[in-house]
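To start, the structure under review is shown below, and the notes come after it.
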Amino acid sequence: AISTGETDLKHAEKVALNWLQKKEFEITAAEKVLELIPKLNRAEMSQILQKMQAAGLIASATLPEAPSNKKFFDFCLEFWNFDTSEYVKEKQLYKQSIHKTYCKRNVGFVQKHFIFFENLRISEINKQKIKEFQLFLMEKKLSTESINQITRCATTALKWAYHNGLTQNDCFTGLRFCAVKHKERRILDIETVQKLFASGDFGSTYSKLANLVAMSTGMRMGEIQALRRCDIGEDSIYVRHNYVYKN
């Protein structure tokens with residue numbers, strides 16, 4: 001039934017007759033679909049959305065209970081949780097290196113900087129939004145290296161979400177990162193080194209000894225930490241191991 005919008009019977013009949021002659025009373029395809037929507041279940045609605053996406057009518061759409069409808073902020077906190085993350089479990093399954101300290105650092109990035117994404121869902125994040133995020137970080141006067149690390153914290157999670165069907169948006173391919181200009185590393189001159197060791201201000205004899213070994217041999221910190229009694233020769237030191245922190 002369609003209302004004529006008239007309050008007088010004769011006027012309503014006249015409008016109805018005009019409809020019959022011009023067939024303007026016929027319901028359009030869109031009206032038929034809108035009428036059916038309240039009667040659809042979740043599975044049927046999902047099929048319709050998939051058909052619309054395949055036809056190029058929509059870029060993406062998600063149902064309320066779909067994983068992709070989760071807030072991006074919450075998703076990233078879970079993604080970088082070393083103890084429960086599916087991403088971490090996959091890395092460990094395929095014997096790929098990932099450390100707890102790295103995940104903890106990224107959780108800190110999320111908590112401190114991802115307020116930018118507010119209540120956006122995973123499926124709502126696109127490449128343009130990531131570019132805007134980079135500008136947001138730049139306005140906070142962060143170093144270019146920090147901006148890149150924080151951006152990768154987001155894009156790594158989005159790349160995993162993309163390959164696991166949580167979003168149809170490719171937010172990472174071709175994304176540009178900030179050019180990083182590293183500060184020039186300089187070594188101390190001999191006079192400064194002599195004054196430094198003469199001062200004795202090393203905190204402990206162990207620190208002084210380690211620095212003397214580094215100065216005399218060029219050994220790295222991890223190599224010095226890994227030295228054992230059997231590595232010390234009469235006129236040489238044998239570098240056989242490197243001490244590395246792993247969590």
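The values are calculated or read from the model by the stated rules, or taken from the named source; none is laboratory data. Computed from a predicted model, the values in this text were never measured in an experiment. Using ideal geometry, Cβ is built from the backbone for each residue, glycine included, and neighbour counts are taken over all protein chains shown. Quick note on the areas: whole protein, heavy atoms, side chains included, nothing else; ligands and nucleic acids left out. Shrake-Rupley method; radii C 1.70, N 1.55, O 1.52, S 1.80 Å.
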Segment 176-216, residues that are closer than 30 Å to Ile150 by Cα and either open to solvent by 60 Å² or more (accessible area, probe 1.4 Å) or at pLDDT below 90 (or both)
Arg176, Phe177, Ala179, Val180, Lys181, His182, Lys183, Glu184, Arg185, Arg186
Residues in segment 120-141: is at least one acidic (Asp, Glu) and within 30 Å of Ser46 (Cα to Cα)?
yes
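If we only count helices (runs of 4 or more DSSP H) wholly inside segment 139-247, which ones have 3 or more residues that are under 30 Å from Glu90 (Cα atoms)?
On the way: elements: 144-163, 190-199, 205-217, 221-225.
Because the criterion is at least 3 residues that are under 30 Å from Glu90 (Cα atoms), the helices (runs of 4 or more DSSP H) in segment 139-247 that meet it are 144-163.
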Residue ID - surrounded by the most Cβ atoms within 10 Å (Cβ to Cβ), chosen from residues in segment 217-247 that are among the polar types (S, T, N, Q) and at pLDDT below 85:
Asn242
Residue check, Thr151 over 13 Å from the mean Cα position of the chain (by Cα) and at negative phi
no
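Working only within segment 118-138, note down all residues that are within 19 Å of Asn69 (Cβ to Cβ), in a helix (DSSP H, G or I) and open to solvent by 70 Å² or more (accessible area, probe 1.4 Å). First the steps, then the outcome.
Step one: list which residues in segment 118-138 are within 19 Å of Asn69 (Cβ to Cβ), which gives 118-126, 129.
Keeping just the survivors that are in a helix (DSSP H, G or I) gives 122-124, 129.
Across segment 118-138, the qualifying residue is only Glu124.
Among the residues of segment 138-168, which ones are at pLDDT 90 or above and more than 16 Å from Arg105 (Cβ to Cβ)?
Within segment 138-168, Met138, Glu139, Lys140, Lys141, Thr144, Leu158, Lys159, Trp160, Ala161, Tyr162, His163, Asn164 meet the criteria.
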Just the residues that are closer than 16 Å to Leu188 by Cα and touching a residue at least 24 places away in the same chain (Cβ under 8 Å), please, taken from segment 203-241.
Val213
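Could you list, in sequence order, the residues of segment 107-142 that are among the β-branched types (Val, Ile, Thr) and over 23 Å from Gly174 (Cβ atoms)?
First pass over segment 107-142, keeping only residues among the β-branched types (Val, Ile, Thr): 107, 110, 115, 122, 125, 130.
Answer for segment 107-142, where residues must be among the β-branched types (Val, Ile, Thr) and over 23 Å from Gly174 (Cβ atoms): Val107, Val110, Ile115.
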